[in-house]
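Remarks on the structure that follows.
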Amino acid sequence: MAIHSAALGYAPDGAYGKDDQALGRSMKILPSERARDTHAHPLIRTHHENGSKALFSSAAYITGFEGMAREESEALLMSLYTHQTQPEFIYTHRWEAGMVVMWDNRSLLHAATGGYDGYDRLLHRTTIADTQF
């Protein structure tokens, strides 16, 4: 079971906390002490629509594993992140004006890494309820 926490990003002292907001971030993020809460969830999840299995793991949120020492958890996490970011698993989108991109967070990681210079990056997030692991 993985231990999930949003503290690294969304706690008041996190990456998107008060200091980040003071730098003029265009996206309004509301840091919260609740981001420090932890929750356990399975590391491997089954997509209930297509049956595929995927790592339910992100460097931004998984802080360790139940029953594992910190050092052991960190070693496993680094191994997982190295695996997840291998070139054969990476898709890089080539942006053009007017494009719309959608993805399913239940089975992939995503990162905004640029490539849209000169265009507004407008994001509308829709989250579909999915409580099955």
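The table below gives the values:
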{"quantity": "Ranked 49, 71, 88, criterion: other C-beta atoms within 10 Å, fewest first", "calculated": "88, 71, 49"}
{"quantity": "Residue-span extension gain [residue 34 to residue 130] - 0.36 nm each, minus C-alpha spacing", "calculated": "32.4 nm"}
{"quantity": "Karplus-derived 3J(HN,Hα), 6.51/-1.76/1.60, for each residue of segment 87-99, Hz, glycine and proline x", "calculated": "x, 5, 9, 9, 10, 10, 7, 9, 6, 9, 3, x, 6"}
{"quantity": "Packing-based exposure ordering (other Cβ within 10 Å, fewest first) of 62, 29", "calculated": "29, 62"}
{"quantity": "Residue order, fewest to most surrounding Cβ atoms within 10 angstrom, among 16, 91, 81", "calculated": "91, 81, 16"}
{"quantity": "Segment 16-90: Cα Rg divided by the 2.2 N^0.38 Å rule of thumb", "calculated": "1.41"}
{"quantity": "Amide H contacts under 5 Å for residue 64, placed H, 5+ residues apart", "calculated": "3"}
{"quantity": "Spatial separation of Cα centroids for segment 25-74 and segment 1-23, in angstrom", "calculated": "13 Å"}
{"quantity": "Taking only Cα atoms of the chain, radius of gyration then Dmax in Å", "calculated": "16.7, 49"}
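Here, each number is a calculation from the coordinates, and none is a lab measurement. Since the structure is predicted, the reported quantities are computational estimates derived from the model, not experimental observations. Positions of Cβ are generated from backbone atoms using ideal geometry, with glycine treated the same way; all protein chains shown enter the neighbour counts.
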